[in-house]
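The values are calculated or read from the model by the stated rules, or taken from the named source; none is laboratory data. Keep in mind the model is a prediction, meaning the values are calculated, not measured. Don't worry about glycine lacking a Cβ; one is built from the backbone with ideal geometry, like all the others, and counts go over all protein chains shown. Accessible surface areas use protein heavy atoms only, side chains included; no ligands, DNA or RNA. Shrake-Rupley method; radii C 1.70, N 1.55, O 1.52, S 1.80 Å.
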Amino acid sequence: IIKNFNFDLTKNQKDIVTEINNDLKSDFKMFRLLQGDVGSGKTIISFIAAANVIKSNYQVTLMAPTEILANQHYDLAKKIFANTDVRVELLTGKLDSKERKKLNEDSLNGKISFLIGTHALFQKNVFFKKLGLIIIDEQHKFGVNQRKKLSEKGGSNCDVLVMSATPIPRTMMMTLFGDMDITLIKSKPNNRKEINT
């Protein structure tokens, strides 16, 4: 998958991929915060992690706070996994009941490898056959119970990767006093425009 990118990963990104892979292979549940500025390459890192989990015959889900962001992730994932047998699907509140029912059945039967969506992902009727990794983008925009409900769908051994460009005090407390590890993206990919905020 990396060979198909039309850009090179930075050394920083490669080091982080190795760090996350070591977590995924360990006997312990990963609970890691990936923090970096907008445009620093967090999503690509999370998709590489997803690819490794899927290759190990597990499912992956990614939750984003808005439909626009979920659609952006979905479009990128479709491009990245285009020449593979990885089935990527999108679950949002806009799906009608018939489409949603079919999607839920396919997820439960393990036919979907990578399910991307919004808050709809932690609803009661969404199940997975073998969920191995949960990715939460802009995790500070979700409540503790919302993240907990999604995490419970993967059981006690499901790895969790949360991403944020703007860690809030609660996130920092989780890294200091909780069981969350933190990874910082310190360098930006080449040819990346400056971010004006």
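For region 1-126, what are the per-bin percents of Cα-Cα distances with bins 10 Å wide, up to the bin holding the maximum?
Whole-percent P(r) values from 0 Å outward: 11, 41, 36, 10, 0.
Arrange the peptides 94-104, 64-74, 46-56 so that the one whose residues have, on average, the most other Cβ atoms within 10 Å appears first.
Taking the mean over residues of other Cβ atoms within 10 Å, the ranking is 46-56, 64-74, 94-104.
Probe radius 1.4 Å, ligands and nucleic acids ignored: give me the carbon and sulfur share of the accessible area of region 1-148 as a rounded percent.
50
Roughly how many whole Å is it from the C-alpha centroid of region 63-135 to that of region 4-20?
25
So which of Lys55/Lys111; Lys14/Lys153; Lys3/Lys94; Lys14/Lys78; Lys3/Lys129; Lys25/Lys124 end up more than 24 Å apart, counting from Cα to Cα?
Checking Cα-Cα distances, Lys14/Lys153; Lys3/Lys94; Lys3/Lys129; Lys25/Lys124 exceed 24 Å.
Between Val160 and residues 5 or more places away or on another chain, which pairs have amide H atoms under 5 Å apart, with H built 1.01 Å from N, and which residues are they?
Met30, Phe31, Arg32, Ile134
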